[in-house]
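Worksheet: one structure, shown below.
Taken together, the values in this text are just the output of simple stated rules run on the coordinates, not laboratory data. The structure displayed is predicted, hence computed values, not measured ones. Please note: Cβ atoms are built from the backbone with ideal geometry, for glycine as well, and neighbour counts cover all protein chains shown.
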Amino acid sequence: MSDNTMVNDTRARAAQKSTPATESVLEIDDVSKRFGDETVIENLSLSVEDGEILTLLGPSGCGKTTTLRLVAGLERPDGGEIRLDGDVVSGNGSFRSPEERGVGVVFQEFALFPHLTAGENVAFGLKEWDDDEREARVTELLELVGLSAQRDSYPDELSGGQQQRVALARSLAPEPDVLLLDEPFSNLDVDLRVRMREEVRRILKEAGVTAVSVTHDQEEAMSMSDRVAVVNAGRIEQIGRPEQVFQHPESRFVASFLGHASFLSGTVGHDGVSTALGEIPRERIHGLAPEYEGSAIELLVRPDDLEATPNPDGSGVVASRRYLGPTALYEIELDSGETVSCMHNHDVRLDRGDRVSLSLAAAHDLSWFPEGAETVVDR
Amino acid sequence: MIRQLADSPTRRIYTPNIQMDAEHAPGPDDTASDATESTQSVDSAESLAESTPRLGVSLAAATVAALVLLPLIWLVRLAFDVGLSEALALSLRPQTLEVFANSAALVVAVTAASILVGVPLAYLTVRTDLPFRRFWTVAVSLPLVIPSYIGAFAFVTAFGPQGALQRLLEPLGVQSLPRLYGLGGATLVLTLYTYPYVYITTRAALKSMDTTLVEAARTLRHTRWEAFRRVTLPQIRPAVAAGSLLVALYTLSDFGTPAIMRFDAFTRVIFVEFNAFGRDFAALLSLQLVAVTLLILAAESRIRGDEQVYGGGRATDRVRLGRWKLPALGLCGSVAGLALVVPLAVLGTWFFRGASDVGSETLAFDISYVLNSVGVAAATAAVAAVFAFPVAYIAAHHRGKVATLTERATYVGYAVPGVVIGLALVYLGTSYAQPIYQTLYLLVFAYVVRFLPQAVGSLRASFLRVDPKLPEAARTLGRTPSGAFRSVTLPLVAPGLFGGMALVFLTTMKELPATLFLAPTGFETLVTRVWSAYSQGYFGRAAVPALILLAVSGLSMLVIVSQEGYDVK
């Protein structure tokens with residue numbers, strides 16, 4: 001969106017109303033942020049559509065929480081522009097303070113006001129509402145999060161999951177345009193985390209709110225979001241639906257950050273790619289154009305893509321075995337010198353030093369990278 | 001007397017979670033916690049609105065700092081007026097050197113004795129199967145409640161040649177007991193009323209120490225004593241040092257005990273010289289006293305910097321005392337007995353004897369003394385709260401040089417003994433502020449200078465305990481910066497503010513030296529009554545005011561205990 005959208009505001013809005021899926025509620029445009037000498041975010045751009053749940057996924061220190069704070073107005077960007085519903089809220093010298101943005105935030109440790117009850121916490125953002133409406137809204141939200149009975153409890157009387165839900169209700173109460181969630185589940189123990197993920201997704205969808213969440217947990221990102229943006233060192237490496245990002249990573253970082261990844265080098269031939277596992281037919285490879293014939297590439301293989309069978313004439317040796325309960329993860333050292341991982345359920349048992357042959361078990365097509373390249377160049 | 005305790009190492013400060021994303025790279029005006037408080041670097045970027053100190057608050061804080069520094073600046077000026085050569089001559093006078101040697105001896109003796117009493121008591125009440133541990137924990141902490149001048153007063157009258165103790169022992173043929181005056185007496189009394197500083201800090205360290213460390217040492221073929229020396233001692237050393245420095249500071253600045261014990265330490269000589277119109281000399285001695293105090297303070301802040309983050313404590317089995325049980329009980333009993341029973345018995349005797357035979361002496365007590373004391377103390381608490389607010393806010397939220405300097409400046413009350421503040425304000429009043437000299441305004445101002453650190457410390461800790469995310473959350477829920485402050489920060493710091501005010505109120509009630517210097521003629525408080533009873537020899541008159549002061553003191557202890565969560569278990 002740029003100038004002409006502003007000019008044709010009404011028309012654009014009208015057009016967007018008919019196709020609500022493409023209406024951008026939040027746009028981050030070329031934003032940078034530095035703390036002292038350290039650049040935390042570099043030329044980051046992102047747009048979030050109405051009603052979607054988008055997750056910023058990345059390791060600690062990648063700048064995802066800072067991105068959230070920039071959107072909330074708790075930090076000022078050093079460059080670029082942030083727009084909410086088409087209005088510039090940061091950038092070009094203008095800055096709208098947090099209270100004027102209509103952005104809700106669920107903080108990492110929930111930041112519930114310890115001196116107020118659950119009900120009062122939820123009502124906190126509704127000070128301009130009529131008393132009756134406020135009461136009704138609080139009741140409605142506590143019902144939505146299933147905590148009507150805890151209305152008069154103080155935060156320290158609530159369990160972790162309950163605090164989380166109060167925090168969610170509090171941030172949803174003033175009907176924010178965008179809800180931001182900062183590592184919302186990191187304070188919960190594992191079982192509760194899985195349940196709350198489902199619960200929060202249900203609540204967000206029921207409330208119909210646009211949400212941006214931040215996490216370093218790939219499973220959480222995959223299961224909760226409509227789209228995932230993988231962030232690394234202050235920039236977005238890839239953005240897309242969870243399956244798409246997982247199956248077709250556009251960079252080695254994304255491939256390795258989302259689950260276990262091994263790379264298998266091969267040479268592109270006329271009908272297929274020849275690798276240490278033998279020839280892999282072209283149609284099993286994702287978008288390999290004919291022009292690549294003769295060049296060296298690396299195939300991304302995940303542990304569940306491969307199957308190892310004991311075979312004295314096989315091309316690999318079991319180098320290690322990690323028992324994980326239902327499954328076991330094997331590292332196989334190939335005669336070519338490469339190492340790949342493969343996963344088997346607990347029925348199969350291979351021992352260190354066993355010679356095995358490997359075959360491709362994946363039903364989907366495989367992603368690849370030009371040899372030595374960090375990212376997929378335009379295919 | 002308890003002023004330093006409010007700032008003791010046992011306090012807990014809210015530290016925003018540390019495991020948070022490193023992506024919150026510490027910004028230039030990163031706030032949240034002060035480096036001297038916590039060894040962990042805290043990474044929580046402060047919300048925008050507060051990233052630069054608002055001008056108004058900064059100005060207010062700077063004004064407060066300038067005001068409380070005034071007496072000290074004036075004192076320096078005065079010393080310059082004396083002239084360099086004369087100052088040198090005065091400083092090298094044998095009497096000066098003797099005063100210095102006396103004070104040094106007293107500080108060393110009291111500190112050493114406090115460690116010898118405090119550390120074993122802490123170990124006994126925390127780590128052994130001493131019978132009635134909870135009772136002893138309270139009993140050996142309680143001497144902190146008794147102002148040392150009341151203790152000294154009681155000891156002098158109890159132990160003199162014809163004192164209460166001698167009368168008690170007379171049937172046994174004891175004709176006369178040695179006087180307690182001098183270094184020995186001052187050391188005894190000060191140790192009895194200051195060792196709790198060492199006891200309390202050491203106890204906290206012992207309690208929070210992970211006892212599995214000791215168990216590990218035992219499994220590595222160490223005897224209990226070796227394990228104590230090689231594992232426990234290094235762990236509690238910073239706490240013992242912190243407590244000892246509080247003792248040293250208190251001893252150096254205490255006025256009442258040396259005065260009553262007629263021991264020529266700095267404070268007594270300053271007071272005597274002042275009354276003998278040796279004002280130049282008094283001013284010079286005051287400066288020297290301040291210099292020595294600053295030295296101790298510098299040492300203290302260094303020790304504090306090393307303050308450990310103790311591991312989670314775990315109560316495992318206790319050391320069995322076995323045949324040492326009786327000697328241990330004897331130590332606890334005799335310390336608590338001397339420190340608590342002697343003054344209470346003496347005051348009680350006066351009270352009842354006063355009520356029956358020398359009725360007129362006791363009846364000389366007037367309710368107006370109480371009202372006067374309460375009035376000035378309440379005024380002081382109110383002014384201190386107003387002064388403390390901007391300073392504590394800036395100190396808790398900003399880490400720049402200006403913020404640190406402002407806060408440190410308001411700590412003159414720590415660094416400058418009451419005698420010196422009193423003296424400086426008398427000079428200032430007589431030469432420049434004649435209209436308020438000999439008025440309550442100047443007296444209240446002196447109290448504020450002395451006790452402002454208590455209010456600032458308490459309030460600042462409260463500000464720090466407020467998670468910076470809370471005002472941010474309020475902002476995202478539609479509150480302006482000041483709205484967020486009013487609806488979230490203020491209610492959360494209110495208990496700290498009131499706690500600080502209560503502390504100032506109670507310590508003001510029992511303040512001695514500044515009161516003696518600055519109370520307007522004819523203005524009698526509980527403290528001046530006790531003092532005149534002592535100096536005129538009408539001991540009976542001291543009973544009622546002293547007992548009231550003890551009650552006040554006990555209350556202030558309760559305030560601290562409730563604030564610090566000092567648990568007795």
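Here are the numbers for the structure shown:
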| read-out | value |
| --- | --- |
| Angstrom value of the Kirkwood radius, inverse mean 1/r, which spans all Cα pairs in chain A | 23.5 |
| Distance histogram for the protein assembly as shown (every C-alpha pair counted, 20 angstrom bins, percent rounded to whole numbers) | 12, 32, 29, 18, 8, 1, 0 |
| Solvent-free Debye scattering, log10 I(q)/I(0), computed from the Cα coordinates of the stretch A:233-362 at q = 0.11, 0.15, 0.19 Å⁻¹ | -0.43, -0.78, -1.12 |
| The stretch B:229-248 and the stretch A:238-258: distance between their alpha carbon centers, rounded to Å | 55 |
| In the stretch B:58-160, the chymotrypsin sites (Phe, Trp or Tyr not before Pro) that fall in loop regions by DSSP, at most 12 other Cβ within 10 Å | B:F132 |
| Value at 222 nm in deg cm²/dmol, rounded to 500, when DSSP H runs of n ≥ 4 in chain A each add -39,500 (n - 2.57) | -7000 deg cm²/dmol |
| Histogram of C-alpha separations across the stretch B:93-316, 10 Å bin width, % | 8, 26, 29, 21, 12, 4, 0 |
| Ranking of B:I150, B:I296 by count of other Cβ atoms within 10 Å, fewest first | B:I296, B:I150 |
| Inter-centroid distance (Cα atoms) of the stretch A:118-173 relative to the stretch B:86-119, Å | 63 |
| Calculated over the stretch B:481-569: convex hull of Cα atoms, volume per residue (Å³) | 142 |
| Residues of the stretch A:109-140 with amide N under 13 Å of a point placed 7 Å along Cα→Cβ from A:E157 | A:115-120 |
| Contour excess over end-to-end distance, with Cα ends at A:R349 and A:D335 and 0.36 nm allotted per residue | 2.9 nm |
| Packing-based exposure ordering (other Cβ within 10 Å, fewest first) of A:V71, B:V272 | B:V272, A:V71 |
| Computed Kirkwood radius, in angstrom, where 1/r is averaged over Cα pairs of the stretch A:144-211 | 12.5 |
| Pair B:L97, B:L116: separation of 7 Å Cα→Cβ label points (nm) | 2.9 |
| Gain upon complete extension [A:E279, A:R241; 0.36 nm per residue less C-alpha separation] | 10.6 nm |
| Rh by Kirkwood over Cα pairs, then Stokes-Einstein D for the stretch A:269-341 at 0.890 mPa s and 25 °C, µm²/s | 175 |
| Part-to-part distance (alpha-carbon centres) for the stretch A:337-351 and the stretch B:142-170, which is given in Å | 85 |
